[in-house]
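The structure appears right after this line, and notes come after that.
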Amino acid sequence: MKKKTDYGERLKEDYKKWDTIWKTGWSDPNYPDGEGLHGVRDQIISDKRELEKTGGELPEEYRRPLPMEMPRDYMAGVKELWYQGIQTYQSYLTDENYQYLCQVQESLPKQVRKESYIDNVTGYTKRLCHALKQKDFLTLSLYKYPERYRESFQECRQRINTMMADPISPEQDRAEEQLDLFQMGLKQLGNRQR
C-alpha cells in the first residue's frame, strides 16, 4: 500500500529548502540558483494546493507568504564566490604541480599530451580566470572546493611521469606527425575545391 504524503511536513521542508538555496546556493552546478528557487517555489505552490484539498486543519507553514519569484539567473553569495575564486586562482598559480604542467605542456610528445589530458587539466585554471573576468558566478561556483582541481594537477603530473618513463617510440611519434600532415592536406584540398 502506498504511503500517504504528509503535505504539511513536505511544505515545511520545501520552505527550508528555499531558504537554504536563497542563502547558500543550490547543489546543481549546471544551473543558476534561481532555477532551483523557481522549482522549489513551484513545489510550495503545489503543496499548498494539496493541503487545501484535504479540508483539514492547515499547518502553520501554510500561512507563510509564498517566496518571492527570483530571476532564473540569480546566484547566492556572489561576493563570497568572487573572493573564493580569486583565492583559488592565486593558489592554483602557485601550485607546484600546476607550474610543472605549464612548464612541460608544449614540449610533450603529442601522444603523451593527449593521453595525459594536460590541456584539459591546465584549462581548469584558464576557465577560472575567464570566469573571474566575466563575473560568471555559475562557473565560479564550480570552484567552491578548490582541492578537487588541485588533485587533478597532481594526478596529471603523475600520469605524465609514468608515460615519460615508458616513452613513445620515435616511429610511433613520426607516424602520428605524418597522419596529422595528411589530415591537414585533405582539409586544404577541401578548401581549395570550394
remark   = The extension gain from GLN154 to SER91, computed as 0.36 nm times the residue separation minus the Cα-Cα distance, is 21.3 nm
key: Hits among lysines - C-alpha to C-alpha of LYS4 under 29 Å, sequence gap 8 or more where chains match   = LYS12, LYS16, LYS17, LYS48, LYS53
query = Quick one: if the Förster radius is 30 Å, what FRET efficiency do CYS129 and ASP19 give, using the C-beta to C-beta distance and rounding to 0.05?
reply = 0.35
ask   = If you average the sequence gap of Cα pairs under 8 Å that are 6 or more apart and divide by the length of the stretch 32-85, what percent do you get for the contact order?
value = 61 percent
Inter-label distance, nm, simple model (7 Å from Cα along the C-beta direction), LYS4/THR54 = 0.8 nm
message = Cβ neighbours within 10 Å, averaged per peptide: list 48-57, 85-94 in order, most packed at the top.
response = 85-94, 48-57
message = For Cα pairs less than 8 Å apart in space and 6+ apart in sequence, what is the mean separation divided by the residue count of the stretch 38-133, i.e. the relative contact order in percent?
response = 26 percent
task = Using θ = phi - 60° and the Karplus relation 6.51 cos²θ - 1.76 cosθ + 1.60, list the HN-Hα couplings for the stretch 6-23 in order, rounded to whole Hz, with x at every Gly or Pro.
result = 8, 5, x, 5, 5, 4, 4, 5, 5, 5, 4, 4, 4, 4, 5, 4, 4, 7
request  = Return the carbon/sulfur percentage of the accessible area of the stretch 1-64, one whole number, probe 1.4 Å, all protein chains in place.
outcome  = 48 percent
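The values are calculated or read from the model by the stated rules, or taken from the named source; none is laboratory data. Quick caveat, the model's predicted, so the values are computed rather than measured. Heads up, the Cβs are rebuilt from the backbone with ideal geometry, glycines too, and the neighbour counts pull from every protein chain shown. Surface areas here come from the heavy atoms of the whole protein model, side chains and all, with no ligands, DNA or RNA. Shrake-Rupley method; radii C 1.70, N 1.55, O 1.52, S 1.80 Å.
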